[in-house]
Each structure stands twice: as C-alpha cells, then as structure tokens.
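The values are calculated or read from the model by the stated rules, or taken from the named source; none is laboratory data. Remember, predicted model here, so these are calculated numbers, not experimental data. Don't worry about glycine lacking a Cβ; one is built from the backbone with ideal geometry, like all the others, and counts go over all protein chains shown. The protein model used for the area step is the full one, side chains on, heavy atoms only, and it has no ligands, DNA or RNA in it. Shrake-Rupley method; radii C 1.70, N 1.55, O 1.52, S 1.80 Å.
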Amino acid sequence: LMERKTHAKINRKEVLLAKLRKTCSCTPNKLKNLLMDFLPVLRWLPKYQYKDYIWGDIMSGLVIGIILVPQAIAYSLLAGLKPIYSLYTSFFANIIYFLMGTSRHVSVGIFSLISLMVGQVVDRELLLAGFDLNDDAPPAWVDGSLQNDSQSNTTAFNLTIAGKCYAIGIATALTFVAGVYQVLMGIFRLGFVSMYLSESVLDGFATGASLTILTAQVKYLIGIKIPRSQGHGMLVITWINIFRNIPQANLCDVITSTICIVVLVTAKELGDRYKHKLKFPLPTELVVIVVATLVSHYGKLNEVYSSSVSGAIPTGFIPPKVPHFNLMLRVALDALPLAIVSFVFTVSLSEMCAKKYAYTIRANQEMFAVGFCNIIPSFFHSFATSAALAKTLVKTSTGCQTQVSGVISAMVVLLVMLFLAPLFHSLQKCVLACIIIVSLRGALRKFHDVPARYHVNKVDTLVWVVTMSASALISTEIGLLVGIVFSILCIIVRTQRPRTALLGQIQDTSFYEDDSEYENISSIPKVKIFRFEAPLYYANRNYFLKSLYRLTNLDPNLEAARRKKYQKKEKQHLKKGDDTTANGLGIRETTLQLVPKQIDFQALVVDCSSISFLDTTGVNTLKEILKDYKDLNISVLLACCNPSVIDSLKRGGYFGKDLGSMQEMLFYSIHNAVQFAKDQK
C-alpha cells in the first residue's frame, strides 16, 4: 500500500489576512505596478523597436483603416443608427484598446454581431416609445432642407429627428451598462463565465445571427420598404413580408446589388486564392463604395429612381453627453448577453493570436479593456464594440507588430470624420447591404462543415444545430441562452448515462479492456471487472446500479429475497416433519439449490479509473453494493481510485473506522485486485 503524504494544515484566516495586508498596502512601487497593469501601453511602448515594427504597424493600420470606413458605414444599418456613430465607435475603440489591451494583434472595433444585438434593442425601444422604424426620412426632407412648410411635414420631420436622438440614447445607455458589467466581471474575476460558451455554442450563435443579419439586409438589396420586425420569429416574419412586397422591388437597387455582390465575391475569392502572393488584401469594399457613390451622385439615382441613400453625414465631433440613467434601467437585462458575447469574442481572439505569435495576454485585463472600450465611448455617442475575426486576420497578415497599428487605423477614421464623411451622402444603402452580406461568408460557410463536425462529435453537432436554430428563429439573446443551457444539459445527460463495460484480460499481459470492443480478450474465472466511465453522484446512482446488475447478470437484492423465501418455506416444512420440501427434494438437495446457478463469480472488481469524484450518494452507493454482495459471499474490490475518491471513501466510512481492511479492499491496479481475488479461498 502506498503511503499518502501528510500535508501541513493551512491557516486560512492567516492567509486571508496576509492577502488583505498585501492588497491594502500602499507603496510607490505598488502604485507604479498598478498603473502599468491598468495601462499596459506604459510597459511596452518605451521598449518599442521602431526599425523592426514601425513599417508593419503603419501598413496594417492603413489597411484596417481603409476596411473600417466602409464597414462602419455599413454596420450602422444593423445598429439602426446614423453612419457617423459607427465612425465614432471605430475611432474611440482603437484608441482605448491601444492604451489598455494586452494583445498585440487583435482588432477591436465595430462588429456585425454586436451591431445586430444593439440594433435589436434599439428597434424594440423605439417601437415601445411610439416611433416609426422606417429607415428613410419623410418625403419633405431632401438635401438637408424643408421643401414644404406644412404642419404635417414639420411634425414628421420633428418625429424623425426625435427618433434618431432617442435611438442613439438607447444605444449609448446599453453600451455603458454592458461596459460596467464587463468591468465588474473583471474586478470580481468572473472570466470563468466564458468557459460555458463552448466552440459549438459560439459557432452556432454566430451562424444563427448571420442568418438574421442576412435577412435584415435583403430589403435593402431589392429596395423594398417593409417594417423592421421585432420579437421572436423575426426571421420568418421578415421573409414573409419580403415575398409579399417583391413586386414593389426597386429595379435600380436590384441591378446595383447584383453588380456589387458579383464584384465583391469575385474579389474575395481571388484574394483568398492568391493571398500568399499579395502583400496586403485588396481594398475592394472601399473601391466599390467610391465608385457606387460617384455613380449614384452623378446619375441622381435617388431623385430619378427613388433609390434609398445614406443621407447627410455630419463632420467633426458632437459634444459629449452622459447616457440617460432611466434608459439604463430599461436595457440593463439586454446588456448582460451583450457584455458576455463581446468579452468572449475578444478574449478568444486574443488568446488565438497570443498562441500563434508566442506571447501571453491577461484575460482579466482584456475584460477591463473591452469594458472601458464601451464605457468611455458611450459618452461620445458610440455603441458597443468587440474584437472582429476578419479584421484581426487581415491585421496579422499585413505585418502588424503592436497596437500602434490601431492608432494608425483611428487616424484614418478621424480623417474621414473630419473631412470626407459628407462625400458619402449619395451612397446607396443597397451597396452597404452588399458589403455586410459578403462579410458573412465565413460564418455562413459553417454549414459546409456540418458533415465533418458530425463525423467528429455528434453531440457537439447537435449543440451547434440547436443554438443556430434558436438564434435564427427565436432571437439572438434567447438563442445564446438556449445554446448554453442545452450544452450543459448534454454534459449532464452524458454523465447520467455514461459508458459501462465488463473488462477482460488482454492475452499475455497485465492489462484489461472492454471485451465487447476488442478481440483477444479473455475473461477471468470467478472474477467480474466492472468499469463506470463517469463520476458517481446522485444523478447517475440508479444507472450505475442497473448497469452493474445487468452486466453481471445478478441483482443481489433479488437474490437475497429469493433465498429468504426458500429458507422460510424450508422452516415451514421442517416444522411439519416432512423430509421433502415443496420442490419434492430432500433437505440437503434444497440447501444446495439455494446457491443459484447464475452466480459464476466470487469477486467483483470495480475499475474506478474513470470516476473523478464521489459525492455522499456515490459513497453510500458503493457501501450498499459492498454490503449486498457480501451477503452473497462475493467480495467487492476497488481498483485505480484517485486520491480524491479515496479521501471521500475514508470520510464516508467505506473502509471501516480503523481502516484496517483497506489493504484488502483497495488496489492501485486492476491486475493487483484480480490476483488478490484469485488467491482468496
């Protein structure tokens, strides 16, 4: 028997007091470290290697900035906000993450999935407040001036302006609360919450949300005016409205959308095929936006063909404003999934880049960084942000070395905000919708991976399908919740009904495996070896016993009851003085028959190598089978128990009070237990 080490008892009170003293102490060195931990830029920027890093950072920053501008304008459609707010979001997120982020390569800014979640909350609150969800300004508002002074047009214009102000108020309140949640999660070190978002849940959630995004953009593609659907089943309702209104499709928008999608998809496919030859990705989105804006402006597509355009985009910065507290209370619940999704995507991408380029990140600091990327910009009319996979991959492929590239990108966005934004007045919304839809290629391609995913793991595929379906058909927030709950239920079910097996000996070895899965396995005479491949706890206790009784072909409780029944009958016949029993057999023959023929073993070895822990019910279950089999003169031996299981058995009194019989009940290998059982008389 191996001897356990004696661990010194830890005085938890003293440890806690020592940590408190260390935490509450205030020294210049500690203050310096706290400041550098809170602003990691103070650590790495003084060590910046200009000759090695500067050109890569400038190149990647310019490329990302060029990509950010059209995407920011396009994703404003998803958020239900004006394009200028998307530009604000992209600018402030890059600056703040440069100061606080620990990842060198991740690109933080506007993200389609986060924009969709913000847009759904904005639309719901606008509808509840009585505002019209129509994207277009009233007919009287053309080129920034009122053409009709009638009271009705003035009222419609005022309602539109009020609705837009209310919309950004909702978005900033939602963003502020989400940022507060993320900072609080960082303070209380609740990053473990992200562990419950498995890869299957995240992929399914992203794919389902992509279907919702695609559906929301179809009306812009074909130029029809339908109300933005709200609530559960938005995807189905939107498609019904689309098919009902197809006859009213705008031919100009349909032609423009077709050309833009063909150009964008062709450029993307060529870029993917020849990416090893290209030093940086083609700025296709920017070229499409510039050409489409020029064609729309000089062709007067809005005036002649009634094609919907982006409208006036102001320049400069709007004065900062504190988010409304009353609105925060309305969106406090909606901000929680937004905060979790934003954090999870940012941390997962940061860890991916850190692993690829051999450095470390601090997940807790990433939570602070993303939190402040939401809190501070919310005062400057910005909405929620997150790391984006596509832009992060572009960033790494164009030579990015540090977050200095983020500052360069922010400068490009600033240039557009200050000088170039009004030039996009005539840009058609269908062009923006094309950019959004083509950007969903990666998420929609997940459907092609379903057969391979199913081949690898059927349960994970089921989690993906359920999460994707719930996110698309119900709503994104409920879809995420359904995915998390369903994946946890799958784990519970798998531990409730795990694999069980009887083991046999591999010929000419001291190893044992499942005799139903492998050839050349020989059974051990008079010994049964039972394996249970899960923790033994209250939820799977009954399954453990049923599997054990089924595989060994013996239920000790039924056998004990049968024996008592025979003994009772024998006593009755003996009192009557009859030499024969009810079976017509003599007393000695009946005594022999009390031992059932199906009991072909005298020892039961339980392989505990897959039992990671025992709760009170699990310990009592093992004590129960020990007693029941002992009544039938069958010994129960435990093999391959880990220290946690052994401690649980000791505390539960499985080995008795003095632990004297422990050496005859517990073995460190199956082979030792089998040899002990063979040596028993």
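Using square roots of five times the C-alpha gyration tensor eigenvalues, list the equivalent-ellipsoid semi-axes of the chain in whole Å, biggest first.
Details: eigenvalues 891, 189, 113 Å².
In descending order the semi-axes read 67, 31, 24 Å.
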Item checked: Efficiency of FRET from Cβ geometry, residue 51 and residue 539, R₀ 51 Å, rounded to 0.05 -> 0.25
Checklist line | log₁₀ of I(q)/I(0) at q = 0.10 Å⁻¹ - the stretch 196-310, Debye sum with one point per alpha carbon | finding: -0.44
Item checked: At most 14 other Cβ within 10 Å, DSSP loop - trypsin sites (Lys or Arg not before Pro), the stretch 1-86 -> 4, 5, 9
Next item on the list: Return the inverse of the average 1/r over all pairs of distinct C-alpha atoms in the stretch 438-569, which is the Kirkwood hydrodynamic radius, in Å to one decimal.
Entry: 19.1 Å
Next item on the list: Specify which residue in the list 374, 435, 388 is farthest towards the positive end of the charge dipole of the stretch 342-492, using unit charges on the beta carbon of Lys, Arg (+1) and Asp, Glu (-1), about the Cα centre.
Entry: 435
Check: In the stretch 183-245, carbon and sulfur make up what percent of the accessible area (probe 1.4 Å)?
Finding: 69 percent
Notebook entry, point to check: Between residue 444 and residue 613, what FRET efficiency follows from the Cβ-Cβ distance if R0 is 51 Å, with the result rounded to 0.05?
Noted result: 0.75
Notebook entry, point to check: What share of Cα pairs, in percent, lie more than 18 angstrom apart in the stretch 295-341?
Noted result: 64 percent
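Report the convex hull volume per residue for the stretch 5-82, counting only C-alpha atoms, in Å³.
Enclosed volume per residue, from the Cα hull, is 306 Å³.
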Checklist line | Solvent exposure of the chain as accessible area per residue, Å², 1.4 Å probe | finding: 52 Å²
Note to self: In Å and on Cα atoms, what radius of gyration and Dmax does the stretch 267-350 show?
What the structure shows: 20.9, 54
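Count charges around residue 249 for me, please; just the other residues with Cβ under 15 Å from its Cβ, Lys/Arg as +1, Asp/Glu as -1.
Working: positive: 219, 225, 244, 429; negative: 253.
Local charge sum for residue 249: +3.
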Margin query: Nothing charged except the Cβ atoms of Lys and Arg (+1) and of Asp and Glu (-1): what's the magnitude of the dipole of the chain about its Cα centre? Round to the nearest 20 debye.
Written below: 1860 debye
Notebook entry, point to check: Based on DSSP, what percent of beta bridges with both residues in the chain are antiparallel, to the nearest 5?
Noted result: 50 percent
Checklist line | Whole-Å semi-axes of the stretch 399-476's equivalent ellipsoid (Cα gyration tensor) | finding: 38, 20, 11
Next item on the list: Calculate one ³J(HN,Hα) per residue across the stretch 511-523 by plugging θ = phi - 60° into the Karplus curve 6.51 cos²θ - 1.76 cosθ + 1.60, and present them in order as whole Hz with x for glycine and proline.
Entry: 10, 9, 9, 5, 6, 8, 10, 10, 7, 6, 10, 10, 6
Check: Short version: ³J(HN,Hα) in whole Hz for each residue of the stretch 407-416, in order, from phi by Karplus 6.51 cos²θ - 1.76 cosθ + 1.60 (θ = phi - 60°), x for Gly and Pro, what are they?
Finding: 5, 4, 4, 4, 5, 5, 5, 4, 4, 5
Notebook entry, point to check: Given N residues in the stretch 601-681, what is Rg(Cα) / (2.2 N^0.38 Å)?
Noted result: 1.02
Item checked: Fully extended contour minus Cα-Cα distance, from residue 569 to residue 9, at 0.36 nm per residue -> 195.7 nm
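Share of the stretch 1-75's accessible area from carbon and sulfur, percent, 1.4 Å?
64 percent
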Check: Out of residues 5 or more away from residue 512 or on other chains, whose amide H comes under 5 Å of its own, with H placed 1.01 Å from N in the peptide plane?
Finding: 506
Item checked: Karplus-derived HN-Hα couplings along the stretch 99-113 (A = 6.51, B = -1.76, C = 1.60, θ = phi - 60°), whole Hz, x at Gly and Pro -> 7, 10, x, 9, 8, 7, 10, 5, 9, 9, x, 6, 9, 4, 5
